[in-house]
Amino acid sequence: MSYRSVFAPGLLAGQVIVVTGGGSGIGRCTAHELAALGARVVLIGRNADKLRAVQDEITADGGQASHAVCDIRQEDVVRQTVAGIVAQHGAIDGLVNNAGGQYITPAEKISAKGWQAVIDTNLTGGFLMARECFTQSMAARGGAVVNIVADIWGSMPGMAHSGAARAGMVSFTETAALEWAGSGVRVNAVAPGYVASSGMDHYPPEAAAMLRQMPKTVPLGRFATEAEVSAGIVFLLSPAASFISGTVLRIDGARPQVRMGWGQVAAPVDVQERAAVRPFDGFHRYQPPKIFQP
């Protein structure tokens, strides 16, 4: 089997696209789709074994991939990593700033150290990657950046640190889109809502019950698939989005529109299978979170 992308074969042929957090979840799925469309994908992350495993998957499927171990929170390491990619491939055409992470805790219990760790991962690291890809390659020849944020509209209770970081990345997206437009660089963001990805496996076991109930709060009545998020990312990297910059594409099933008093929120199960809203799962190697596995 191969990735079942909705985009034309060869759409990204010859392009070099960096995917941070490419060893699992949305990053892994996106890397597979990009490679299936002809891109040479560079996987970035801190776990060499995970990166190598995804690289091997892509290669086995006929795509081109390499990887580099990098802690995006460390400025010198990011600079050196991007320099190595440019030296190896000649240029960087696209960046998917996907790496991130957070943990569930009330705002009053977040320590300064915990706050800083999440800010460094979800905001500073993404900024460093974007800046270095711009200064070392895109400033001279153009390119596209897609920053992955989150559903921050209406707050992120239990994740104040992540909400603040993601909101900062939205603002950075808008600012960079303006400042870098003169170099032919587009900067956009994708904001996933609730996605059934391996990221859910990082939450504590006691959160499982809450996670299973989440679709009831989504008007479309379900989780997003990794492939639905990947499709949005690919679109923003593609020539079809050549006049789109500084925007945020929400992939959330209308979750932020939920208001008290509306009554039944989630669409009935039979409605969820109608063609316009039926789940799209093009990723042939998808692995559901452990909490949903039998």
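Just so it is clear, none of the values below were taken in a lab; they were calculated from the coordinates. Small disclaimer: the values here were computed from a predicted structure and weren't measured. Cβ placement follows ideal geometry from the backbone for every residue including glycine, while neighbour counts extend to all protein chains displayed.
Pairs of Cα atoms nearer than 8 Å and 6+ residues apart set the relative contact order; for the stretch 144-294 it is 31 percent. Scalar couplings 3J(HN,Hα) for the stretch 194-211, obtained by applying the Karplus form with A = 6.51, B = -1.76, C = 1.60 to θ = phi - 60°, are 7, 10, 7, 10, 5, x, 5, 6, 8, 7, x, x, 5, 8, 4, 4, 5, 4 Hz; x denotes Gly and Pro.
Here LYS50 is the anchor, and the lysines within straight C-alpha reach of less than 29 Å, apart from those fewer than 8 places off in the same chain, are LYS113, LYS290. All alpha carbon pair distances within the stretch 244-294 were sorted into 10 Å bins beginning at 0; the resulting P(r) in whole percents reads 16, 32, 40, 12, 0. In the chain, the alpha-carbon atoms span a convex hull of 141 Å³ per residue.
When the Cα positions of GLN293, PRO279, GLN213 are compared along the charge dipole of the stretch 152-294, GLN213 comes out farthest toward the positive end, with charges on each C-beta of Lys, Arg, Asp and Glu. Taking the longest Cα principal axis of the chain as reference, the axis of helix 75-89 is set at about 60 degrees. Taking label positions 7 Å along the Cα-Cβ direction at both ALA240 and GLU75, the computed distance is 4.0 nm, reported to one decimal. Here the Karplus curve 6.51 cos²θ - 1.76 cosθ + 1.60, taken at θ = phi - 60°, turns the phi angles of the stretch 178-192 into couplings of 6, 5, 9, 4, x, 9, x, 10, 9, 10, 9, 9, 10, 10, x Hz, with x standing for Gly and Pro.
What is the magnitude of the charge dipole of the stretch 111-206 about its Cα centre, with +1 placed on the Cβ of each Lys and Arg, -1 on the Cβ of each Asp and Glu, and no other charges, expressed in debye to the nearest 20?
Values: 5 positive and 7 negative charges, 52 e Å.
So the dipole magnitude of the stretch 111-206 works out to roughly 260 debye.
Here's how it looks for VAL190: its modeled amide H is under 5 Å from those of ASN147, ILE148, VAL149, LEU249, which are all 5 or more places away or on a different chain.
Based on the mean of other beta carbon atoms within 10 Å per residue, what is the order of 174-187, 39-52, most packed first? Please list the in-between numbers first.
Numbers: 174-187: 16.9, 39-52: 20.6.
Sorting 174-187, 39-52 by mean packing, highest first, produces 39-52, 174-187.
On the principal axes of its alpha-carbon atoms, the stretch 152-294 has extents of 50, 34, 33 Å, going from largest to smallest.
Please state the charge dipole magnitude for the chain, taken about the Cα centre, from unit charges on C-beta atoms (+1 on K and R, -1 on D and E), reported in debye and rounded to the nearest 20.
Working: 24 positive and 23 negative charges, 62 e Å.
Computed charge dipole of the chain: roughly 300 debye.
When you count the other C-beta atoms within 10 angstrom of each residue and take the mean per peptide, 238-249, 160-171, 94-105 line up highest first as 94-105, 160-171, 238-249.
What the phi angles of the stretch 5-16 give under the Karplus curve with 6.51, -1.76 and 1.60, with θ = phi - 60°, is a coupling list of 6, 7, 8, 5, x, x, 3, 10, 4, x, 7, 9 Hz, glycine and proline written as x. The per residue volume of the convex hull around the alpha-carbon atoms of the stretch 29-143 is 114 Å³.
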